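To start, the structure itself, in structure tokens.
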Amino acid sequence: MNKKEMYQKWENEILFPTLQNTVFIMQSEIQQNIEQIQKTICTEIEKLFYKAQQCEQKINYITFHIMRQDILEGIYQYHLFLYDEYWYLKKGKEIGVLDSQVIYHYYYQFYNEVLLQSNTYRSVFSIPELEMFIMKQLNIFHYFFVEILRYAMNELTESDAYYKLKKAEHLEIQSGEYFEPCDKLYQQDTEIDYGKWKRQFLKQEDKNFCFVDLKGIDLKGISANDMDLRYADVRQSDLQGIDLKGSNLQGVRFQKSNLKQSNLEQTILNYACFDGADLQGACFDDAVTELDDILFMLKIYSAYCYTSFKGCCLKNASFKNAVLNYADFRKANIENVDFTNAVLEKCIFSKKQLKQIILTEQQKKQIILK
């Protein structure tokens, strides 16, 4: 075999099986501990945001940078940088670091396991070559950390530490390698052109509304099927009677919005937050919390599953045939909610709430009572 063929053999025998096993363990353990992970991450970022308040210039970008040199030295952290509107001319101001071992200790285990299993290939590949091959998989672990950061924005952007930052009219929070394109975590606009966005919803020429700041918008009664609203911010908005059938609502922030009689059937709901929203009579029939996908040559699911309905009003809502994983219904009004044929795997309810709904014996075995 030539070296290229040996590399492909090594990938299939060692690299990918080890990576797949590591990702499986990582997903399982994140899912079990996600509430504590989010709490810890939010606490640490709030501390950094308080330090960032010392910045005198208005902030256009808040960026969590991963440094390859840190990874090579076994230091797993993200550096928080602030940038103004001239980010392309300046290096930015470093505020501090965010520990990321909660994810990257799995990378460390993966790295060591691959090197250990690669002894028979040492005559073909040098240690630096093997390290380079392993580091090519770093983007998978970054993807998992980014997903955790994105959901943390729900709490962080409501915090006093964030509120007091000197923000520019357009602010983006993002994460990625230093001096490389970054993944967006959150976007805020001080001035929102509600007319423009409403016309775009009505025309539907462009169905992409990812990360758009639509707080307080009035879209009641609008029909807008198959929209891509991932991580959009529509808190405290009037969406009564809106028809979003078939839309991707991953990570959308619906807190305290009016969604009475809305049509949300066949939507994707993972990471969506409906806390405090009015969802009376809303239809979630055939909705799902996640879809499996092929990412980085591996069949993996979302970093974790979680959809929050905490404290919202779901009276007379319908979840017929929905497939929900780790949806949190605590403190929600679920009177007369229809869960006919719904999968409620690891969904969280209180014992008191069970008096408000009818579940099959199978569904009762699926749920978690807290």
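Key figures
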item: Elements of type strands (runs of 3 or more DSSP E) in segment 30-135, at least 2 residues being surrounded by 15 or more Cβ atoms within 10 Å (Cβ to Cβ) and aromatic (Phe, Trp, Tyr); result: 59-66, 77-83
item: Pairs with Cβ under 9 Å, 6+ apart, first in segment 350-370 and over 18 Å from ASN316 (Cα atoms) and charged (D, E, K, R), second open to solvent by less than 100 Å² (accessible area, probe 1.4 Å) and part of a loop (DSSP other than H, G, I, E, B); result: LYS370/ARG330; LYS370/SER350
item: Residue match in segment 304-320 (condition: open to solvent by less than 10 Å² (accessible area, probe 1.4 Å), modelled with pLDDT of 95 or more and touching a helix residue (DSSP H, G or I) at 6+ places or on another chain (Cβ under 7 Å)); result: no
item: Top-ranked residue in segment 271-284 [being in contact with a Phe, Trp or Tyr (Cβ under 7 Å, 6 or more places away or on another chain) and of a type outside the set (Gly, Ala, Ser); ranked as surrounded by the most Cβ atoms within 10 Å (Cβ to Cβ)]; result: PHE274
item: Residues satisfying the stated conditions in segment 157-181, i.e. within 23 Å of MET67 (Cα to Cα), at pLDDT 95 or above and not in a strand (DSSP E or B); result: none
item: TYR7, sole failed condition from (1) without any contact (Cβ under 8 Å) to a residue 12 or more places away in the chain; (2) in a helix (DSSP H, G or I); (3) open to solvent by 40 Å² or more (accessible area, probe 1.4 Å); result: (1)
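Listed here are the residues, each with its yes/no results for (1) closer than 26 Å to TYR271 by Cβ; (2) touching a Phe, Trp or Tyr at 6+ places or on another chain (Cβ under 9 Å); (3) crowded, with 16+ Cβ neighbours inside 10 Å.
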position: GLN137; (1), (2), (3): yes, yes, yes
position: GLU180; (1), (2), (3): yes, no, no
position: GLN188; (1), (2), (3): yes, no, yes
position: PHE201; (1), (2), (3): yes, yes, yes
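The values are calculated or read from the model by the stated rules, or taken from the named source; none is laboratory data. Computed from a prediction, not measured in an experiment: that's the story for all the values here. FYI the Cβ positions are ideal-geometry reconstructions off the backbone, even for glycines, and counts take in every protein chain you see. SASA here: full protein model, heavy atoms, side chains in, ligands and nucleic acids out. Shrake-Rupley method; radii C 1.70, N 1.55, O 1.52, S 1.80 Å.
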